[in-house]
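The values are calculated or read from the model by the stated rules, or taken from the named source; none is laboratory data. Just so it is clear, the structure is predicted and the values come from calculations on it, not from any experiment. FYI the Cβ positions are ideal-geometry reconstructions off the backbone, even for glycines, and counts take in every protein chain you see.
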Amino acid sequence: MSELFQTYESEYELAHQEAEQKLSQISDLAGDKRRTAMRDVERATDECLEILDQMNLEIQNMSTNERSSYNAKLRTYKATVDKSKKQLKFLQDNTNRDELFLGRTQESSDPSSHDYQRQQLLKNNASLERSSDRLRDSQRVALETEEIGSSILNDLRGQREQLVNSRNQLIDADGYVDKSIRTLRSMTRRLAANKLISYAIIAVLVILILLVIASKFT
């Protein structure tokens, strides 16, 4: 298993646990605390989706045999996040409907407490740092993929040059074969002509011999 994928799984579990914990508390909260808890759940589920995107990128760099099991795991994680978001949407709709029914004005969504603001800022900074780390990991994976692609292209160029050279050699060899065939045909024609000349000379000599013999008996 990819170590980077395992790291993403650990981050996903933390973010998902936070979302589930906050979801279980929302029904017991009211006012600003309820709104704050819902925002925390929304932030945690969004973070889960970001992590799943990084997992998907990592899966693309795995072998074909590994991808099927990891894709199944990724779909399970995605379905779990979607379920959490649906629960959050249901709670948000209920909260808005209750506030509208009671005629209450919307309360401020940001607590005035300095300590609370500081905690929220620290949480946001931590989330930003995790997102930055994942972005750097994605850039590293992209660079590695680009290097692999460049290496493959160079290999393909080398193979293409070899094929072109082989093709040129075959063309040259084909030319030599054509020349050899033409030479053999020419030699064959000359041999045939020489045979005819030889037969003609023999025939003339035979005739002359016969004439000489005939002249002696006359």
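Tally the residues that are acidic (Asp, Glu) and modelled with pLDDT under 90, restricting the search to the range 10-31.
Selection size over the range 10-31: 1.
If I ask for residues that are within 39 Å of the chain's Cα centre (by Cα), buried (at least 19 other Cβ atoms within 10 Å of the Cβ) and not aliphatic (A, V, I, L, M), which ones from the range 12-38 would you list?
If the condition is that a residue be within 39 Å of the chain's Cα centre (by Cα), buried (at least 19 other Cβ atoms within 10 Å of the Cβ) and not aliphatic (A, V, I, L, M), then Tyr12, His16, Lys22 are the ones that fit.
When only residues in the range 133-170 that are under 22 Å from the mean Cα position of the chain (by Cα) and β-branched (Val, Ile, Thr) count, which is nearest to Met55 (Cα to Cα)?
Out of the qualifying residues, it is Val141.
Does Glu47 fit the bill of being acidic (Asp, Glu) and either over 18 Å from Ala126 (Cβ atoms) or surrounded by fewer than 17 Cβ atoms within 10 Å (Cβ to Cβ) (or both)?
no
Could you pull out the residue among Arg34, Arg130 that is basic (Lys, Arg), within 23 Å of Gln17 (Cα to Cα), touching a helix residue (DSSP H, G or I) at 6+ places or on another chain (Cβ under 8 Å) and modelled with pLDDT under 85?
None of the other options fit; the residue is Arg130.
Considering the range 40-72 alone, what residues qualify as being of a type in the set (Val, Ile, Thr) and in contact (Cβ under 8 Å) with a residue 24 or more places away in the chain?
Within the range 40-72, Val41, Thr45, Ile51, Ile59 qualify.
Could you check how many residues of the range 8-39 are part of a helix (DSSP H, G or I) and either among the hydrophobic types (A, V, I, L, M, F, W, C) or in contact (Cβ under 8 Å) with a residue 24 or more places away in the chain (or both)?
Looking only at the range 8-39, we keep the residues that are part of a helix (DSSP H, G or I), and these are 8-26, 31-39.
Next, only the ones that are either among the hydrophobic types (A, V, I, L, M, F, W, C) or in contact (Cβ under 8 Å) with a residue 24 or more places away in the chain (or both) stay: 8-9, 11-12, 14-16, 18-20, 23, 26, 31-32, 34-39.
Counting residues in the range 8-39 that are part of a helix (DSSP H, G or I) and either among the hydrophobic types (A, V, I, L, M, F, W, C) or in contact (Cβ under 8 Å) with a residue 24 or more places away in the chain (or both) gives 20.
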